[in-house]
Amino acid sequence: MTVLDVLIEPDNRLHKISKPVEKITDEIRSFLDDMVETMREHDGAGLAAPQVNRQQRIIVMELPLTPDAQENTVFKMINPEIIKRGDLHCSFKEGCLSVPGERIEVDRIADITVKYLDEFGLEKTLEASEILAVCIQHEIDHLDGKLVLDYLSPFKRKVALTKLKKHYH
Ligand SMILES: [Zn+2]
């Protein structure tokens with residue numbers, strides 16, 4: 001397995017719309033393993049393919065399946081799509097490997113149902129709430145070219161981008 005390079009904001013490649021995966025091959029499965037390795041190397045809870053410069057609709061996460069679960073589960077999702085959204089909202093201070101050093105509170109839906117393909121091409125649905133639901137929405141945002149910084153006011157966003165430019169570019 002390989003640890004991949006993570007793109008850091010500001011970077012136009014993080015703002016492209018990712019394309020659906022058409023065919024799930026061994027290469028995709030090995031890429032998923034590399035993504036998990038990369039996420040763990042950086043102590044992240046989630047990673048989306050565009051963050052490692054691949055504009056395809058692929059995300060990985062490692063989180064408890066339910067808010068009271070003791071152990072983490074690794075999720076590998078291809079072409080994820082939110083098919084149901086609950087009425088409740090929640091927010092957490094979200095970190096992002098492409099926005100190091102920042103934690104940004106984002107208003108999200110607290111309960112969602114997501115449909116996706118697993119690494120063998122089987123269609124799955126998952127009901128997720130709280131942190132897992134937030135993480136899925138955060139990662140799907142990446143596939144649509146959207147980062148947590150984009151939820152900030154233009155002024156705060158500019159301050160954060162200046163800081164990132166200075167320290168990481
Ligand atoms: Zn992120």
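Look at (1) within 15 Å of the chain's Cα centre (by Cα); (2) in contact (Cβ under 8 Å) with a residue 40 or more places away in the chain and you find that residue 90 fails only one, number (1).
Among the residues of the stretch 70-91, those identified as within 27 Å of residue 156 (Cβ to Cβ) and either in contact with an Asp or Glu (Cβ under 7 Å, 6 or more places away or on another chain) or of a type in the set (Ser, Thr, Tyr) (or both) are 88, 89, 90, 91.
Sort out which residues of the stretch 49-76 are closer than 19 Å to residue 129 by Cα and under 10 Å from the mean Cα position of the chain (by Cα), and write them in order of number. 59, 60, 61 - these are the residues of the stretch 49-76 that are closer than 19 Å to residue 129 by Cα and under 10 Å from the mean Cα position of the chain (by Cα).
Scanning the stretch 144-168 for residues that are within 16 Å of the ligand (Cβ to nearest atom) and either of a type in the set (S, T, N, Q) or at pLDDT 95 or above (or both) yields a total of 13. Restricted to the stretch 17-59, and to residues there that are loosely packed, with under 13 Cβ neighbours inside 10 Å and among the acidic types (Asp, Glu), the residue that is farthest from the ligand (Cβ to nearest atom) is 26. For residue 24, the criteria (1) free of Cβ contacts under 8 Å to residues at least 60 places away in the same chain; (2) more than 20 Å from residue 132 (Cα to Cα); (3) of a type outside the set (Lys, Arg) hold in every case but one, which is (1).
Restricting attention to the stretch 117-137 and to residues that are touching an Asp or Glu at 6+ places or on another chain (Cβ under 7 Å) and within 17 Å of residue 78 (Cβ to Cβ), the residue that is surrounded by the most Cβ atoms within 10 Å (Cβ to Cβ) turns out to be 117.
Select from the stretch 151-162 the residues that are surrounded by fewer than 14 Cβ atoms within 10 Å (Cβ to Cβ) and of a type in the set (D, E, K, R) and list them in ascending order. Spell out how you get there, then give the answer.
In the first step, residues of the stretch 151-162 are kept if they are surrounded by fewer than 14 Cβ atoms within 10 Å (Cβ to Cβ); the result is 153-156, 158-159, 162.
Residues satisfying the conditions are 156, 158.
Residues of the stretch 123-145 include none that is in contact with a helix residue (DSSP H, G or I) (Cβ under 6 Å, 6 or more places away or on another chain) and acidic (Asp, Glu).
The set of residues from the stretch 116-143 being more than 16 Å from the ligand (Cβ to nearest atom) and in a helix (DSSP H, G or I) comprises just one member, 130.
Taking each residue of the stretch 97-114 that is within 12 Å of the ligand (Cβ to nearest atom) and looking for partners that are part of a loop (DSSP other than H, G, I, E, B) with beta-carbon atoms closer than 6 Å, six or more apart or interchain, yields 97/6; 97/42; 97/44; 98/7; 98/8; 98/9; 99/9; 103/95. The set of residues in the stretch 85-105 being touching a Lys or Arg at 6+ places or on another chain (Cβ under 9 Å), within 23 Å of residue 18 (Cα to Cα) and surrounded by fewer than 20 Cβ atoms within 10 Å (Cβ to Cβ) consists of 95 alone.
The values are calculated or read from the model by the stated rules, or taken from the named source; none is laboratory data. Just so it is clear, the model here is predicted, and its values are computed rather than measured. Here the Cβ is made from the backbone with ideal geometry for all residues, glycine too, and neighbour counts use every protein chain on show.
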